[in-house]
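Structure first, then comments.
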Amino acid sequence: MTLQNDLILRTARGEKTERTPVWLMRQAGRILPEYRAVRDKVKDFIELATTPELAAEVTLQPVDILGVDAAIIFSDILVIPEAMGLPYEMIEKRGPYFPETVKSLADVNKLRIADAQADLGYVLEAIKIVKRALNGRMPLIGFAGAPWTIFAYMVEGSGSKTFSKAKRMLYTEPVLSHQLLQKITDSTIQYLKGQITAGADLVQLFDSWAGILSPEQYRSFALPYISQICDAIPEVPKTVFAKDAWFARQELAQLNCETIGLDWTMDPIESRKIIGNGKTLQGNLDPCVLYASYEGIRRETGKMLQAFGPHRHIANLGHGLYPDIEPDKVRCFIDAVKEFRFIP
Ligand code: CP3
């Protein structure tokens with residue numbers, strides 16, 4: 001089916017478009033009262049994410065309420081560890097928690113390669129419902145965590161400022177680390193292919209903890225696996241968002257992907273020089289700009305758009321929306337992108 005709004009897909013492929021497209025990381029979620037109303041009907045986040053009708057409903061909310069140019073399927077990156085045999089809990093106000101973690105080779109051997117249909121059928125079902133409801137209005141973004149970030153949660157067992165248990169494993173057990181990273185990679189490829197068959201029009205890899213690795217560790221333990229995933233998915237455009245990995249931009253530019261996500265610490269003009277003209281760039285407004293006045297938001301959004309220029313840029317934040325940002329401020333950002341006129 002041809003899409004009525006395919007701005008993001010055309011921009012990803014490097015075509016010139018009539019305006020810069022826009023969506024937001026974490027657009028489906030706690031900032032919307034409509035989300036909280038659905039969330040209050042269920043026990044917890046996991047019940048919401050594993051009930052396809054409800055996951056589809058909250059995926060569609062920002063499409064109409066905020067006016068974005070794409071939907072992103074409501075799920076979490078931590079469904080992959082669960083599908084491999086390591087279940088998680090989502091603890092209110094604290095975040096993810098794994099009752100069991102990976103500590104030894106025996107633990108790695110116990111894990112299975114995720115089967116998209118058998119283990120993650122609930123996400124694929126939600127994608128199908130969303131696609132039917134969107135009826136070609138705009139693309140649907142599928143996603144997964146990048147292998148290093150998933151490894152970090154599976155070894156650490158929760159969020160962490162340092163992820164020192166996970167980094168310790170890279171230094172002390174490199175062979176085991178590579179075995180686990182390969183299993184995560186194989187699972188992620190199956191999963192993303194399942195999402196694409198179900199209807200995802202493009203996919204994004206979130207490497208949220210990229211920035212805590214040294215450049216050398218990133219080169220050994222992160223990039224080769226992201227590269228395998230990009231090579232294995234020729235079907236749709238791919239976005240790689242490696243948060244805080246300013247040191248890896250040159251290498252990210254060599255990946256077989258269409259778009260590189262930038263966080264707010266990466267200057268648009270400098271990033272374009274480092275990455276070259278072969279990729280679309282996505283980002284990168286500091287989410288905290290959305291605490292500013294409407295005038296401040298329009299000004300900062302304009303500066304960002306002008307710095308990226310009119311082509312090969314997908315407007316977004318430099319990371320996910322924070323839960324206490326007001327929906328009207330988000331709308332202001334989206335409208336500012338849609339109304340902006342470039343200064344030649
Ligand atoms: O709108 C969207 O972007 C789609 C949905 C989405 C969620 N998580 C839903 C969610 C996406 C793309 C994610 C990705 C995700 N999950 C990442 C990568 C992006 C990033 O932020 O760096 C990471 C690291 C996670 C892991 C995770 N999930 C954490 C650390 C937490 C707790 C912190 C928090 O924000 O509460 C979650 C929970 C989570 N995932 C929520 C949502 C809407 C909040 C829980 C709730 O509503 O009860």
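The values are calculated or read from the model by the stated rules, or taken from the named source; none is laboratory data. If you're wondering where the values come from, they're calculated on a predicted model, not measured in any experiment. Cβ placement follows ideal geometry from the backbone for every residue including glycine, while neighbour counts extend to all protein chains displayed. Surface areas here come from the heavy atoms of the whole protein model, side chains and all, with no ligands, DNA or RNA. Shrake-Rupley method; radii C 1.70, N 1.55, O 1.52, S 1.80 Å.
Quick check on my filter: what residues within segment 115-166 are closer than 20 Å to Pro21 by Cβ and either basic (Lys, Arg) or not in a helix (DSSP H, G or I) (or both)?
Lys131, Asn135, Gly136, Arg137, Met138, Pro139, Leu140, Ile141, Gly142, Phe143, listed by residue number.
Exactly one condition in (1) more than 10 Å from the ligand (Cβ to nearest atom); (2) on the phi > 0 side of the Ramachandran plot is not met by Thr101; state its number.
Condition (2) is where Thr101 drops out.
What are the residue pairs meeting all of these: first residue in segment 247-260, first residue within 14 Å of Val236 (Cα to Cα), second residue among the aromatic types (Phe, Trp, Tyr), Cβ atoms under 9 Å, and 6 or more apart or on different chains?
These pairs meet every condition: Thr259/Phe241.
Considering Leu24, Leu86, which residue is in a loop (DSSP other than H, G, I, E, B) and within 9 Å of the ligand (Cβ to nearest atom)? Can you show your working first?
Details: Leu86 fails: within 9 Å of the ligand (Cβ to nearest atom).
Result of the check over Leu24, Leu86: Leu24.
When you look at Pro234, is it surrounded by fewer than 22 Cβ atoms within 10 Å (Cβ to Cβ) and not in a helix (DSSP H, G or I), yes or no?
On the way: surrounded by fewer than 22 Cβ atoms within 10 Å (Cβ to Cβ): yes; not in a helix (DSSP H, G or I): yes.
Spelling it out, Pro234 is indeed surrounded by fewer than 22 Cβ atoms within 10 Å (Cβ to Cβ) and not in a helix (DSSP H, G or I).
Return only the number of the condition from (1) in contact with a strand residue (DSSP E or B) (Cβ under 8 Å, 6 or more places away or on another chain); (2) within 24 Å of Met25 (Cα to Cα) that Ala133 does not satisfy.
Ala133 satisfies all of (1) in contact with a strand residue (DSSP E or B) (Cβ under 8 Å, 6 or more places away or on another chain); (2) within 24 Å of Met25 (Cα to Cα) except (1).
With Ser214, Ser208 as the choices, which residue is away from the ligand (no atom under 16 Å from the Cβ), more than 22 Å from Arg312 (Cβ to Cβ) and out of contact with any His (no Cβ under 6 Å at 6 or more places or on another chain)? Break it down into steps so the answer makes sense when it comes.
Values: Ser208 fails: away from the ligand (no atom under 16 Å from the Cβ).
The unique qualifying residue is Ser214.
Considering only segment 27-48, state which residues are within 11 Å of the ligand (Cβ to nearest atom), in a helix (DSSP H, G or I) and either open to solvent by 40 Å² or more (accessible area, probe 1.4 Å) or more than 23 Å from Ala315 (Cβ to Cβ) (or both). Don't jump to the end; show me each part of the working.
In the first step, residues of segment 27-48 are kept if they are within 11 Å of the ligand (Cβ to nearest atom); the result is 27-32, 35-36, 38-40, 42-48.
Cutting the leftovers down to in a helix (DSSP H, G or I) gives us 35-36, 38-40, 45-48.
Those that are within 11 Å of the ligand (Cβ to nearest atom), in a helix (DSSP H, G or I) and either open to solvent by 40 Å² or more (accessible area, probe 1.4 Å) or more than 23 Å from Ala315 (Cβ to Cβ) (or both): Arg36, Val38, Arg39, Asp40, Phe45, Ile46, Glu47, Leu48.
When you scan segment 95-105, do you find a residue that is farther than 17 Å from Gly159 by Cα and either at pLDDT 95 or above or open to solvent by 20 Å² or more (accessible area, probe 1.4 Å) (or both), even just one?
Going through segment 95-105, the residues farther than 17 Å from Gly159 by Cα turn out to be 104-105.
Filter once more, keeping what is either at pLDDT 95 or above or open to solvent by 20 Å² or more (accessible area, probe 1.4 Å) (or both): 104-105.
The answer is yes; a qualifying residue exists.
Can you tell me which residues in segment 49-75 are in contact (Cβ under 8 Å) with a residue 60 or more places away in the chain, closer than 16 Å to Ala200 by Cα and either open to solvent by 10 Å² or more (accessible area, probe 1.4 Å) or part of a helix (DSSP H, G or I) (or both)?
If the condition is that a residue be in contact (Cβ under 8 Å) with a residue 60 or more places away in the chain, closer than 16 Å to Ala200 by Cα and either open to solvent by 10 Å² or more (accessible area, probe 1.4 Å) or part of a helix (DSSP H, G or I) (or both), then Pro52, Ala55, Ala56, Thr59, Leu60, Val63, Ile72, Ser75 are the ones that fit.
Given the structure, is Ile297 in contact (Cβ under 8 Å) with a residue 24 or more places away in the chain, touching a Phe, Trp or Tyr at 6+ places or on another chain (Cβ under 6 Å) and either open to solvent by less than 10 Å² (accessible area, probe 1.4 Å) or assigned to a helix (DSSP H, G or I) (or both)? First the steps, then the outcome.
On the way: in contact (Cβ under 8 Å) with a residue 24 or more places away in the chain: yes; touching a Phe, Trp or Tyr at 6+ places or on another chain (Cβ under 6 Å): yes; either open to solvent by less than 10 Å² (accessible area, probe 1.4 Å) or assigned to a helix (DSSP H, G or I) (or both): yes.
Yes; evaluated as a whole, the condition is true for this residue.
For segment 161-199, how many residues are open to solvent by 10 Å² or more (accessible area, probe 1.4 Å) and at positive phi?
Within segment 161-199, residues that are open to solvent by 10 Å² or more (accessible area, probe 1.4 Å) and at positive phi number 1.
Go through segment 147-164 and give me each residue that's within 16 Å of the ligand (Cβ to nearest atom) and free of Cβ contacts under 8 Å to residues at least 24 places away in the same chain.
Narrowing segment 147-164 to residues within 16 Å of the ligand (Cβ to nearest atom): 147-163.
Residues satisfying the conditions are Ser160, Lys161.
Looking at Ile72 and the list (1) more than 30 Å from Ala315 (Cβ to Cβ); (2) touching a strand residue (DSSP E or B) at 6+ places or on another chain (Cβ under 6 Å), which single condition is not satisfied?
(1)
Take Phe333 and decide whether it is surrounded by 18 or more Cβ atoms within 10 Å (Cβ to Cβ) and aromatic (Phe, Trp, Tyr). Don't jump to the end; show me each part of the working.
Values: surrounded by 18 or more Cβ atoms within 10 Å (Cβ to Cβ): yes; aromatic (Phe, Trp, Tyr): yes.
Spelling it out, Phe333 is indeed surrounded by 18 or more Cβ atoms within 10 Å (Cβ to Cβ) and aromatic (Phe, Trp, Tyr).
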